[in-house]
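Visitor: Here it is, the structure, as structure tokens.
The values are calculated or read from the model by the stated rules, or taken from the named source; none is laboratory data. Note that this is a predicted model, so its numbers are computed, not measured. Cβ atoms come from the backbone with ideal geometry, glycine included; neighbour counts cover every protein chain shown.
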Amino acid sequence: MLARTTLTRSLRAGAVVIAVGAALAAPAAALADPVTPQTTPDSEIAAVNPSLLEFWNETFQAWGKTYQPAGAVYYYDYVDRDGNTVTASCGGNQIEPGVYGEYCPADNNVYIDYNQNLDQMNQIGSYEAGALFAHEIGHNVQQQMGIPFEQPYDELQADCFSGMYTRWAVDRGDLTTDDAQQGVDWAYSAGGGGDTGKDMSHGTQYDRGFAWMQGYLQASTSGNEFDSTACNNVGPLSADQQMSGDPNYLFPVAADTQTSSSSTTDTSGTTDTSSTTDGTVTTDSAGTINQLLAMNTPTSIDLAKMLSDSAAHNASVWLAPACDSSYNGCL
Ligand SMILES: [Zn+2]
């Protein structure tokens, strides 16, 4: 927790909050410690960072490459000790509050909207900030891989990367399935369209929740926790899948256990990437939960719980969140 102490002191001074790469030097034993839920965006991100860094180091190693961490995390949209609101800019352009955060290719730094994420953490849970941070680091990964920044595909791929990391961290005990639930809830809530008051530049709620879950589930479908190809084909869902009112669209796990609902050709019961993106996702939420429970494995039970919780959560909270006009732009 040394980094956390440093972090808090720096934040009060309105300065750089954490050097992302510095956590690489942390003792190996510390990396296996669970990420204790934190109460502020800076402390949560500091707690998640060592695990996230290790994930991408290992993933790049699996690709035969060397991961180059982002430079630093800066926080903005909070009032400092002198009573001034801290702002941020990327490449000479001010970053508006209300966009959660931003990876800046121009300086390789990450900028996090402090107040907005603090508010979202209070609504969703601490890992809201962790999942967002993993998304922003996903853009850092894209830059290294030469992937063009083209909305909404780059955004949805970054959501997928966030889910992919989260699953790895849950499997090794850094995070919990409660964290994972908060991660997909963040992705869903951050989407636009419908009457959310947000634009669709990053995808709709269903696009984002679905992309995040695609990453979360990729290890179980591919058998390789470092196989990023599951995130290569994420994109907007088809029109009939958008805002359908059925939160089960968020969960491509259904394609693992049920026959395709839209074609007669995919009856093998196996899952590939295309089957989770071309509309062959079941709409039978209760049936999927029951099937997962019947499989009676720790993973299937966890997924059933997530599906059930998310269905209830989305119905009550996230199906049509109001635009918070306290944030400029209301994106
Ligand atoms: Zn993004």
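Visitor: Exactly one condition in (1) more than 15 Å from the ligand (Cβ to nearest atom); (2) crowded, with 23+ Cβ neighbours inside 10 Å; (3) under 23 Å from THR36 (Cβ atoms); (4) not basic (Lys, Arg) is not met by GLN123; state its number.
Guide: (2)
Visitor: Related question: Looking at region 99-110, which of its residues are of a type in the set (A, V, I, L, M) and not in a strand (DSSP E or B)?
Guide: Within region 99-110, VAL99, ALA106 meet the criteria.
The rows are residues; the columns are (1) surrounded by 23 or more Cβ atoms within 10 Å (Cβ to Cβ); (2) modelled with pLDDT of 95 or more; (3) outside any helix (DSSP H, G or I).
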| residue | (1), (2), (3) |
| --- | --- |
| THR59 | no, no, no |
| LYS65 | no, no, yes |
| GLY83 | no, no, yes |
| PRO97 | no, no, yes |
| ILE112 | yes, yes, yes |
| ASP119 | no, no, no |
| GLY130 | yes, yes, no |
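Visitor: Same structure, new question: Within region 64-84, take every residue that is among the hydrophobic types (A, V, I, L, M, F, W, C) and within 22 Å of the chain's Cα centre (by Cα) and give me the one that is farthest from ILE45 (Cα to Cα).
Guide: Of everything passing the filter in region 64-84, ALA70 is farthest from ILE45 (Cα to Cα).
Visitor: For region 154-213, give me each residue that is modelled with pLDDT under 90 and part of a loop (DSSP other than H, G, I, E, B).
Guide: Those that are modelled with pLDDT under 90 and part of a loop (DSSP other than H, G, I, E, B): GLY191, GLY193, GLY194, ASP195, THR196, GLY197, LYS198, ASP199, MET200, SER201, HIS202, GLY203.
Visitor: Is it the case that region 62-78 has a residue that's closer than 14 Å to SER162 by Cα, among the aliphatic types (A, V, I, L, M), within 15 Å of the ligand (Cβ to nearest atom) and in contact with a strand residue (DSSP E or B) (Cβ under 8 Å, 6 or more places away or on another chain)?
Guide: no
Visitor: When residues of region 45-99 are filtered for being over 28 Å from GLY203 (Cβ atoms) and of a type in the set (Lys, Arg), how many remain?
Guide: Qualifying residue count for the region: 1.
Visitor: Only one of LEU175, LEU156, LEU118 is within 16 Å of the ligand (Cβ to nearest atom) and touching a residue at least 24 places away in the same chain (Cβ under 8 Å); which?
Guide: One residue alone meets the criteria, LEU156.
Visitor: Okay, next question. Within region 139-150, can one find any residue that is touching a His at 6+ places or on another chain (Cβ under 9 Å), within 12 Å of the ligand (Cβ to nearest atom) and either among the charged types (D, E, K, R) or in a helix (DSSP H, G or I) (or both)?
Guide: Within region 139-150, none of the residues are touching a His at 6+ places or on another chain (Cβ under 9 Å), within 12 Å of the ligand (Cβ to nearest atom) and either among the charged types (D, E, K, R) or in a helix (DSSP H, G or I) (or both).
Visitor: Which numbered condition trips up SER189, out of (1) polar (S, T, N, Q); (2) under 24 Å from ALA47 (Cβ atoms); (3) more than 16 Å from the ligand (Cβ to nearest atom)?
Guide: (3)
Visitor: May I pose another question? For region 159-172, which positions are out of contact with any Gly (no Cβ under 6 Å at 6 or more places or on another chain) and more than 14 Å from the ligand (Cβ to nearest atom)?
Guide: Within region 159-172, TYR165, ARG167, TRP168, ALA169, VAL170, ASP171, ARG172 qualify.
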